1. Condition check: in contact with a Gly (Cβ under 9 Å, 6 or more places away or on another chain) and at pLDDT below 85. Does Thr55 satisfy that?
2. Output the residues belonging to region 1-51 that are over 18 Å from Ala88 (Cβ atoms) and among the basic types (Lys, Arg).
3. Would you point out which residue out of Val72, Val32 is touching a Leu at 6+ places or on another chain (Cβ under 8 Å) and at pLDDT 90 or above?
Amino acid sequence: MKGAAAARLAKSQFPDVIVLDIMMPEMTGIKVAEALRETPVTGKITIIFLTALLTKAEEVHVGAGALQKYDVVAKTVDIADLIRRIEAAASS
């Protein structure tokens, strides 16, 4: 899905959790997250980033920069781990 379309969909559907890739067509996942954070209606949606830009070893060291506010999962994804993170985010 294109980044702008993802932002529009979130603004109309109000999901509990969104899983975004960092690299997306039209606008990056980070730009989508920033656009959602700007409005009160979508500002509280939990966003988890899924990316191939980090290795599993780097995943735990994402404490700086634009991603520090988000849960970040490096590809190749452990589906059980991703499901646990989504469930934890949805229940908080």
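The values are calculated or read from the model by the stated rules, or taken from the named source; none is laboratory data. Note that the structure is a prediction, hence the values are computed from the model and not measured. Counting neighbours? That spans all protein chains shown, and the Cβs are built from the backbone with ideal geometry, glycine included.
1. On the way: in contact with a Gly (Cβ under 9 Å, 6 or more places away or on another chain): no; at pLDDT below 85: yes.
It is false that Thr55 is in contact with a Gly (Cβ under 9 Å, 6 or more places away or on another chain) and at pLDDT below 85.
2. Lys2, Arg8, Lys11, Lys31, Arg37
3. Values: Val72 fails: at pLDDT 90 or above.
Being touching a Leu at 6+ places or on another chain (Cβ under 8 Å) and at pLDDT 90 or above holds for just one of Val72, Val32, which is Val32.
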